[in-house]
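Here the structure is laid out as structure tokens; the discussion comes afterwards.
The values are calculated or read from the model by the stated rules, or taken from the named source; none is laboratory data. From a predicted model like this one, the values you see are computed outputs, not experimental measurements. Neighbour counts are summed over all protein chains in view; Cβ atoms, including those assigned to glycine, are modelled from backbone coordinates with ideal geometry. Surface areas here come from the heavy atoms of the whole protein model, side chains and all, with no ligands, DNA or RNA. Shrake-Rupley method; radii C 1.70, N 1.55, O 1.52, S 1.80 Å.
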Amino acid sequence: MRFLIALFLIALTAGACEAGSLWVNNITVSEYGMTWSYNETFTGADSIAFRVNIDSGLGDNNSFVNAWEVLLADKETRKEFKNSLDKEPDVKINNKTNGVEVVDVESVLSPDLIGKTHRTDTIVNKYSIAYRFRDSILNAGSIWFLGQANSPVTIVMPQGVDVKNISGMDNATMMVTDHAEISGYFRAITKDRGEITLRLAKNTSLVRPEANVSNATSPVEINATQVGTNNSVKPMFEMLDGIRNLSIAVVGFAFILLIYVFKVKKQ
């Protein structure tokens, strides 16, 4: 009965107050992984509906959302995210998903959820998913994202990758410095589904050089022929020979001096 009353109140308030939900995507791609962060915002009647769903579905249905109900909702949200990604991955590289692994799912529900269910103030929930790539994105030909239709998205690409083409994005803009940053909206394929594909090419001028052990300089083996032909090595050997001869002379003089002192004391 309380749930029915809540639905009735939502219907009444829907026309009287502004309502809406907004899903904002921020994607940061690195060479061997990426982070996809979401901000989910509810206002007006949608705020009431979200609170009522938590209170009736996970709580004690007393028209009040408390802290433990928010914790239960947070746990359930992480679980649903993971199950959803297991059923259908939202990232592909070169049109394949087997090189992309989800390593972490984070959920932070708004503390403003706590309180009476029939409030219309704003709720902002934050989510973050971390991915690992099997291969370097610098060698990829494309990367694909699945998101909420018509939701805003910003994609930050790493250095060393040029974005040659953007498809599936409305109002697309791209800013290029030492890396590419693309902003726009997921173009709707269906009511809830949008897909974006970036065609990529490697930019060797922006790729950091990697250490190559096979090309590392090895110690120089010096022999007699090199001493005669290598002008940079010869002076060093002449100096070492001089030091060695001087050392021999000093040691010999000290030895003779010790013999002389010993003979004097004996006499």
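Before moving on, here are some points about what is shown:
- Taking every residue in region 99-125 that is closer than 30 Å to residue 141 by Cβ and pairing it with any residue that is among the acidic types (Asp, Glu) and part of a loop (DSSP other than H, G, I, E, B), at least 6 positions away or on another chain, the pairs with Cβ-Cβ distances below 7 Å are 99/135.
- Residues within region 151-181 that are in contact with a Phe, Trp or Tyr (Cβ under 8 Å, 6 or more places away or on another chain), buried (at least 19 other Cβ atoms within 10 Å of the Cβ) and in a strand (DSSP E or B), tallied: 3
- When residues in region 82-120 are screened for being open to solvent by less than 60 Å² (accessible area, probe 1.4 Å), over 27 Å from residue 198 (Cβ atoms), part of a loop (DSSP other than H, G, I, E, B) and not hydroxyl-bearing (Ser, Thr, Tyr), 1 of them pass.
- When residues of region 133-150 are limited to those that are more than 13 Å from residue 30 (Cβ to Cβ) and of a type in the set (Gly, Ala, Ser), the one most open to solvent (accessible area, probe 1.4 Å): 141
- Residue that is without any contact (Cβ under 8 Å) to a residue 40 or more places away in the chain, within 11 Å of residue 113 (Cβ to Cβ) and either surrounded by 14 or more Cβ atoms within 10 Å (Cβ to Cβ) or not small (Gly, Ala, Ser) (or both), where the choices are 71, 58: 71
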